[in-house]
Structure formats: C-alpha cells, structure tokens
Amino acid sequence: MELEAKKSIEDLSDAELKGKRVLVRCDVNVPLDGSTITDDTRIRSSIPTIEYLKKKGAIVTVCSHLGRPKDGPEDKFSLAPCATRMAELLGSPVTLAPDCIGEEVAKIVGAAKEGDVIMLENTRFYKEETKNEPGFVEKLAAPFDLFVNDAFGTAHRAHASTEGVTKFLSPSVSGFLLAKELEYLDGAIANGERPMAAIVGGSKVSSKITVLDALLDKCEKVIIGGGMVFTFLKAKGLNVGTSLVEDDFVETAKEVLAKAERLGKEILLPVDIVIADDFSPDANTQVVAVDAIPDGWMGLDNGPATTAQQKEALSTCRTIIMNGPMGVFEFDAFSKGTFGIVDILADLSKDHGAITIIGGGDSVAATELSGRAGDMSHISTGGGASLELLEGKVLPGVAALADK
C-alpha cells in the first residue's frame, strides 16, 4: 500500500475546505478511570489535524469510538470527557452532540459556523458501526461534505466510521496523524535506510509469527525478546525450566531460524536470562546463561550481557523497528531488558540520527514509562493496526481513501 498514492488534507485547496462540513474520524479511545482520562496521548495526537481544518475555515465534526459498549448507550462509554479535554487542548469550545446520527446531530452541524468543532457521541453505541451496515453509514455521512480519516488505531477495521463513509463523502483523505503513521510504518520499511533491524518481543510466538516472518524478509537483523524467546530456545534443544513455551509453535520457531540462515539474516536470541522461582514482583531471582536455566525456574527478562550484545548489534543500524517488550517490564525486577533496549534506541536516534520506530502496543507503554519517548523518531498510536501494517497487510481504512 503506497502512502504516496493517497490524498491527505494538505492536498486539498483552501476552497475545498472553507465553509465545508468535515467529518473527521479520530481515535480518542483513551483509558479512563471513571470519567477521568488517565492518558490523553490519543486526543493530543488528533489536535494538529483539527487545528489545521479550523484555520482553513472548515466546520469540524469529530467522530470516534470508546471502549466496547455491548447494548447501546452507556454513560461510562460517553465521549463527554474526551470533548472536555479536546476543548482544553484547542483552547476553544467543543460541542458534544447527544448522538452520532439523526435530526439532533443534523441540527447542530447545520447551525455551526466556520472554525467550530463538534464531537459526535460514541459511534459504537450502534452495533451497525462495526458491521459497516449501509443504512447506518448513510445516516452517519448525511450532514457532511467530505471525510478525513485520522484514526490510525482503527484503520485495520472496515467499520462504518473508518471505511463505510468514504462511499458517501468525497473527497475522503487522510489527516496528519494517519499520514505520519504510514510514512514511518510503511515508508521506512519499504524504503528505509539500511542496515535495518527489527526487535520483536512479547509473550507469544503465535501472535507475532506473521510479523516476524515479514520483518525477516526486510531486515538484516532481528532481535527476539520476551516470553516468545523460550519457544525458540526449546526449538534449539535447550532446557527452559518452567518458562512460557508454546509447544505447538516449536516447529514454527525452527522454520524461522532455518529461513534466517537461508537468507543470510542474523537472528539474535538472548545469551543470558533473568530467571525467577515465581511469576511475581518479589520472587527470588538470578541471572544465568541461556543454556543453564534450572528446572523449576522461569525466564522473565533479558540479562545484562544480552543488552550489551544488542547494543553492539544495533550500533551500525540506520532504521530500527521495535514491536513488543523484552520481559515482564511491569515488574521492576524484570524491566531492565526492556528499558535497556529502549535506551539503546533513543541514544541511536538522538546521537547518531538513526530512524527509530516504536510500533504500537506494550512497546509504546514501556517507552513512555522510560521517559525516552521524546528521543524516538516515531511512536505509533496503533496496536493491531501497527502490527498488520508491519505484516504487509492492506488496511481497509487507508485503501478506501482518495488516490492522489
């Protein structure tokens, strides 16, 4: 999927935006504690597109989902806290509509003036949203002139508000956030500067095998970390104690190792492991060589020699993608491997100009926690969407946008 081929808001003339009623699909699916937002990253990320449209004199209406409401509207899934926070960030009012379709919405949008911002209520209060049901799509699109998709986090879903509305609203273009995600996750991998490395972590081979396979084709070096390491170690005939192993994927791991050898690629597995006698933050721990994990102990993080080896291996790389943590970083005792590699990437970016891409999910949480997020080239806002793009899949929310 070539990003170059898709229109973004910057491709539209002032006349195409001024006075136009624009529906913007944002991703304001933020974590809440009651009605308090605990992390507003996604709302902050959507501001540049909204400010640009405001400045161009468009009438901006934001739509998004939040959580997974089961049967219609529920207060705890209302976008009210998101509208309040967005208004604070914009420094101007955001009107929350009581619904996302219907006469009331049409009235609010119809009465709005240039530069006004409206937020529709949670699109997933309707089951038809995820089913992309044509009748609902038509109602959702009805009050608007054109569509901007800025929700990378849901671009891998063909829902009413991500893909359906493009059939009724023209032009349909990407916002700044979506364009930036594609530029890094798609562009850097297709045409990035070499040598290129991928760091693939997380607990399960099963959920990362497709991305691992795709990145092995594109990268010179692949570092494997997290719980999935032990399925690979077992594939190499090593004892892994009570560490997490997916027995059904031992053969798959063997195939990955064989493929790397065939392609002349380097796969780096840990050389030492932090092991524990229990899965808990205050378990007894020790660091052992990778071939010396005793029975009754489980591996929960990379050891210091592994981090040193990773630093050496990555020192010459120009483009690095990280997807998944190196250990159970939520527990202090097992966080050094993950924070260690985050530091390595941040330093390479800051001091050597390498392109570092944090590809969604837990790696983003770890990078934010480490305090080094600001040093990375790009931090992806997507979980599943990042993964699917790295796997080389076409994202329906992007495919549906207007070509340049």
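The values are calculated or read from the model by the stated rules, or taken from the named source; none is laboratory data. The structure presented is a predicted model; accordingly, all values stated were derived computationally and were not measured. Glycine also receives a Cβ, built like all others from the backbone with ideal geometry; neighbour counts cover every protein chain displayed. Accessible surface areas use protein heavy atoms only, side chains included; no ligands, DNA or RNA. Shrake-Rupley method; radii C 1.70, N 1.55, O 1.52, S 1.80 Å.
For the reader, a short list of remarks on this structure follows.
- Residues in the stretch 350-372 that are modelled with pLDDT of 95 or more, surrounded by fewer than 18 Cβ atoms within 10 Å (Cβ to Cβ) and outside any loop (DSSP other than H, G, I, E, B): K350, D351, H352.
- Criterion: without any contact (Cβ under 8 Å) to a residue 12 or more places away in the chain and either part of a helix (DSSP H, G or I) or closer than 15 Å to A399 by Cα (or both) - qualifying residue of K139, K107: K107
- Look at (1) out of contact with any Cys (no Cβ under 9 Å at 6 or more places or on another chain); (2) modelled with pLDDT of 95 or more; (3) buried (at least 19 other Cβ atoms within 10 Å of the Cβ); (4) of a type outside the set (D, E, K, R) and you find that G57 fails only one, number (3).
- Positions within the stretch 331-366 being of a type in the set (V, I, T) and closer than 17 Å to K311 by Cβ, in sequence order: T338, I341, V342, I344, T356
- Selection count where residues are closer than 22 Å to V94 by Cβ, open to solvent by 10 Å² or more (accessible area, probe 1.4 Å) and part of a helix (DSSP H, G or I), scope the stretch 110-127: 4
- The stretch 22-46, residues that are within 21 Å of V398 (Cα to Cα) and either assigned to a loop (DSSP other than H, G, I, E, B) or open to solvent by 20 Å² or more (accessible area, probe 1.4 Å) (or both): C26, D27, V28, N29, R42, S45
Let's see how each residue does on (1) more than 22 Å from V94 (Cα to Cα); (2) modelled with pLDDT under 95; (3) not acidic (D, E):
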| position | (1), (2), (3) |
| --- | --- |
| E129 | yes, no, no |
| E133 | yes, no, no |
| P143 | no, no, yes |
| H159 | yes, no, yes |
| T166 | yes, no, yes |
| L169 | yes, no, yes |
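- Within the stretch 288-322, if we keep just the residues that are within 30 Å of I357 (Cβ to Cβ) and more than 29 Å from the chain's Cα centre (by Cα), the residue that is surrounded by the fewest Cβ atoms within 10 Å (Cβ to Cβ) turns out to be A305.
- Here S78 qualifies as among the hydroxyl-bearing types (S, T, Y), more than 29 Å from L182 (Cβ to Cβ) and open to solvent by less than 70 Å² (accessible area, probe 1.4 Å).
Residues checked against (1) polar (S, T, N, Q); (2) under 19 Å from G361 (Cβ atoms):
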{"position": "S35", "(1), (2)": "yes, no"}
{"position": "L53", "(1), (2)": "no, no"}
{"position": "I59", "(1), (2)": "no, no"}
{"position": "G67", "(1), (2)": "no, yes"}
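- Meets criteria (over 24 Å from the mean Cα position of the chain (by Cα), at pLDDT 95 or above, open to solvent by 30 Å² or more (accessible area, probe 1.4 Å) and more than 26 Å from L17 (Cβ to Cβ)) for P73: yes
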